[in-house]
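Peer 1: Please read through the structure below; I'll follow up with questions.
The values are calculated or read from the model by the stated rules, or taken from the named source; none is laboratory data. If you're wondering where the values come from, they're calculated on a predicted model, not measured in any experiment. Here the Cβ positions follow ideal geometry from the backbone for every residue, glycine too, while neighbour counts run over all protein chains shown.
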């Protein structure tokens, strides 16, 4: 076991730390080494610099060592004038020059420890966003014991299954996977009660039908993005309170979830969204209901890497799959107190399940494809069934800008008699390492509009440039990376 020595009197706190920085801190702190948008959800930690790590470890080291190191801290910070004096002993004009005794000195040292602990908490962020005690210990016990448990996620289009996650699943479905990972014996029935355009007013109108009739053990409630546009703040608070009351009367526990961040617009300005997040947190305090601060999780990502934050969105308000992973991880962390990773969660396979089912059933397959895949897809599908009938329409891209491709994508949903859409944005108009907001927007909406608005109605596959080009230049490789990221 390594032993740490306090620096000799007269040494500064900084010098003392330099002498001892090779030792393990008294309180161990784990700093994840995963990338910024690791699906472990540690956005607040994942890009900490070496300075951050050393600072937090040093503070914990000082707190754990107690009184002696607090003295060192104040001598080092307040200057050499205190180094030859007992700590905290100075003339007090209000007491006729008398110096505080041992009790006062101890109080001062305790204040120093409290100050240092406060610094640690400020660096680490809110405890609700970190792994720790579960918000619902009885529910966690139930999950661990394998008792059937019903979870209902109530919300708007972010909660529901729509184009922004491919029309297959959203954070509620990912939450079910996360809870199962945290509690492997769990037997969960997950009900997605999210409907596009809904506010807390709509939620109350359908609460009995869509939530309480399922006899849930836990209800998560995420509203605010629509409320902020048309529901007064006081009504929003009152509606949340009523939802909590009704769910509790039905025997369910309730977790309030602040909405994810948004891209600032006139219709949904960020300061107004923050007001609604604060209102939800106040309701949580008033009703003694736990709150998962999803908005804060997004803000932690933005503080470290604004572009990574931007790439959590499919449009101005809806998260894409990476954003929904973050939602699910944060909610799971609040519920169970455990960190999980959803990095392995990828789009469902096979990627063209509906198409293959039609081919195997002998039904014609209707395809809309960007070149050159409009000429290749027929041959590919006939490897599944040589007799399959393939009807192909070409999605023309030659000479078009990315913005023009975005415009043409709006035609896809107008002719829903399709089974498969193949998106292959030409390399020449695909953004590279530093995409502009306009490029991110247009590329996202080429994909968004290629999908059905709600649940999946046809298959969509985005094809990366490297499928046709074996060797990519450095510039082309950055465009390839952007395509795969989006």
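Peer 1: Anything in region 361-377 that is closer than 20 Å to residue 417 by Cβ and either assigned to a helix (DSSP H, G or I) or within 34 Å of the chain's Cα centre (by Cα) (or both)? List them, or say none.
Peer 2: Across region 361-377, the qualifying residues are 368, 369, 370, 373, 374, 377.
Peer 1: Return the pairs, sorted by first residue and then second, in which the second residue is surrounded by fewer than 19 Cβ atoms within 10 Å (Cβ to Cβ) and at pLDDT below 95, the first residue lies in region 135-161 and is assigned by TED's automatic domain parsing to the domain that holds residue 199, the beta carbons are less than 6 Å apart, and the residues are 6+ apart or on different chains.
Peer 2: Pairs found: 161/455.
Peer 1: For residue 284, indicate whether it is assigned by TED's automatic domain parsing to the domain that holds residue 211, surrounded by 18 or more Cβ atoms within 10 Å (Cβ to Cβ) and either free of Cβ contacts under 8 Å to residues at least 40 places away in the same chain or assigned to a helix (DSSP H, G or I) (or both). Please lay out each step first, then the result.
Peer 2: Details: assigned by TED's automatic domain parsing to the domain that holds residue 211: yes; surrounded by 18 or more Cβ atoms within 10 Å (Cβ to Cβ): yes; either free of Cβ contacts under 8 Å to residues at least 40 places away in the same chain or assigned to a helix (DSSP H, G or I) (or both): yes.
Yes; evaluated as a whole, the condition is true for this residue.
Peer 1: Moving on. Determine which member of the set 240, 225, 204 is buried (at least 19 other Cβ atoms within 10 Å of the Cβ) and part of a helix (DSSP H, G or I).
Peer 2: Working: 225 fails: part of a helix (DSSP H, G or I); 204 fails: buried (at least 19 other Cβ atoms within 10 Å of the Cβ).
Of the residues listed, the single one that is buried (at least 19 other Cβ atoms within 10 Å of the Cβ) and part of a helix (DSSP H, G or I) is 240.
Peer 1: Among the residues that make up region 308-318, is at least one of them part of a helix (DSSP H, G or I), in contact with a strand residue (DSSP E or B) (Cβ under 8 Å, 6 or more places away or on another chain) and either outside the structural domain of residue 424 (by TED's automatic domain parsing) or surrounded by fewer than 21 Cβ atoms within 10 Å (Cβ to Cβ) (or both)? Before you say what the answer is, go through the steps one by one.
Peer 2: Taking region 308-318 first, the residues part of a helix (DSSP H, G or I) are 308-310.
Those left that are additionally in contact with a strand residue (DSSP E or B) (Cβ under 8 Å, 6 or more places away or on another chain): none.
Among the residues of region 308-318, not one is part of a helix (DSSP H, G or I), in contact with a strand residue (DSSP E or B) (Cβ under 8 Å, 6 or more places away or on another chain) and either outside the structural domain of residue 424 (by TED's automatic domain parsing) or surrounded by fewer than 21 Cβ atoms within 10 Å (Cβ to Cβ) (or both), which makes the answer no.
Peer 1: Now a separate question. For residue 466, are the conditions met, namely being at pLDDT below 90, assigned by TED's automatic domain parsing to the domain that holds residue 420 and closer than 23 Å to residue 374 by Cβ? Give the steps one after another, and end with the answer.
Peer 2: Numbers: at pLDDT below 90: yes; assigned by TED's automatic domain parsing to the domain that holds residue 420: yes; closer than 23 Å to residue 374 by Cβ: yes.
Answer is yes for this residue.
Peer 1: Residues of region 164-201 being under 17 Å from residue 148 (Cβ atoms) and part of a loop (DSSP other than H, G, I, E, B), which ones?
Peer 2: Once the filter is applied, which keeps residues that are under 17 Å from residue 148 (Cβ atoms) and part of a loop (DSSP other than H, G, I, E, B), region 164-201 yields 183, 184, 185, 186.
Peer 1: Something else: Any idea which of (1) surrounded by fewer than 22 Cβ atoms within 10 Å (Cβ to Cβ); (2) not in a helix (DSSP H, G or I) is the one residue 254 doesn't satisfy?
Peer 2: All conditions are met except number (1).
Peer 1: Looking at this structure, is residue 388 modelled with pLDDT of 95 or more, in contact with a strand residue (DSSP E or B) (Cβ under 8 Å, 6 or more places away or on another chain) and either surrounded by 15 or more Cβ atoms within 10 Å (Cβ to Cβ) or over 21 Å from residue 464 (Cα atoms) (or both)?
Peer 2: no
Peer 1: Residue pairs, Cβ under 8 Å, 6 or more apart or interchain, first in region 381-392 and free of Cβ contacts under 8 Å to residues at least 12 places away in the same chain, second in a strand (DSSP E or B). List them.
Peer 2: Close Cβ pairs satisfying both conditions: 382/390.
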